[in-house]
Amino acid sequence: MTHPDHEKGEDSAAPRYIWLAETLKKRIAANDPPVGQLLPTEHALCETYDVSRHTVREALRLLAEAGLIVRRRGAGTLVISTESKAAFSQRLGNVDDLMQYARDARLTPERTAMVALESTLARSLGVAPGGEYMKVSGVRGVPGQPPIAVTDIYIRADLAPPVEKIVEMNGLIIEWIATTRGIATARVDQSILAGAMTEREAEALGCEPGASALRTRRRYYDQGGRVIALSDSVHPGDRFVYEMTLLREAEF
């Protein structure tokens, strides 16, 4: 018999295994099954959710990476926690994944200013110096959870929104540029660096100075290769995880 949650996945644009993983996460969070009990077998999950064995295994892999289950050969899949080991999980796959991050991890802006990219800043962001940008600084987070990032966003001045609209956008600036300015993001370059938090970053995130952190720097480009915006974010190492799936394009 199909589980009632199955209907929610029919129109999802996400791969089936991601949808299944999120569905099972909700069940586990609701103590179905409780910690210390086994999940249904792979075969049972295939029948319940009308998915392939590969889909089930990939979904279980994501749950294991999130620290919710442990898979033991010959003993089944044991639920060990109702909460993920990280406060926020972001998949890396395409531009839409990054857009989803902006929707889920809302930005609370704290400061805005017009700035020029001097050489040291431009070099750290991976672009040529010069040009005027609107800098928006703030904290990203999910309601009811500790903040997951401090972020500086640099928006090309001719594309920047009115300052009074920044707060109501909740950080959906790239989408606003696409719909209002007619300039869609065609490519995003991203760098991920490990490091330690500064005192300012630690204070904003409620962490100890020098705590481990992940820094992400992104460059958003239009179809013609011109920079739309830049971002520089610092995430506490214990509140954020990146997930990615690599597929072989051709058999050898």
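The values are calculated or read from the model by the stated rules, or taken from the named source; none is laboratory data. As the structure is a prediction and not an experimental result, all values here were calculated from the model. Please note: Cβ atoms are built from the backbone with ideal geometry, for glycine as well, and neighbour counts cover all protein chains shown. We work out accessible area using only protein heavy atoms, side chains counted, and drop any ligands, DNA or RNA first. Shrake-Rupley method; radii C 1.70, N 1.55, O 1.52, S 1.80 Å.
Annotations for the structure displayed:
- When residues in the stretch 213-236 are screened for being touching an Asp or Glu at 6+ places or on another chain (Cβ under 6 Å) and open to solvent by less than 10 Å² (accessible area, probe 1.4 Å), 2 of them pass.
- Qualifying residues in the stretch 36-58 (those that are over 19 Å from Ala75 (Cβ atoms) and of a type in the set (Val, Ile, Thr)) - the one nearest to the chain's Cα centre (by Cα): Thr55
- Of all residues in the stretch 193-210 being in contact with a strand residue (DSSP E or B) (Cβ under 7 Å, 6 or more places away or on another chain) and under 19 Å from Ala105 (Cβ atoms), the one that is surrounded by the fewest Cβ atoms within 10 Å (Cβ to Cβ): Leu193
- Test set (1) more than 22 Å from Leu125 (Cα to Cα); (2) part of a loop (DSSP other than H, G, I, E, B) - Pro161 fails condition number: (1)
- Taking the stretch 201-230 as the range and being in a strand (DSSP E or B), farther than 18 Å from Gly138 by Cα and among the hydrophobic types (A, V, I, L, M, F, W, C) as the test, the residues that pass are Val227, Ile228.
- The condition of being hydrophobic (A, V, I, L, M, F, W, C) and out of contact with any Gly (no Cβ under 9 Å at 6 or more places or on another chain) holds for only one of Ala160, Ala149, Ala211, that being Ala160.
- In the stretch 50-80, residue least open to solvent (accessible area, probe 1.4 Å) [restricted to those that are assigned to a loop (DSSP other than H, G, I, E, B) and modelled with pLDDT of 80 or more]: Leu68
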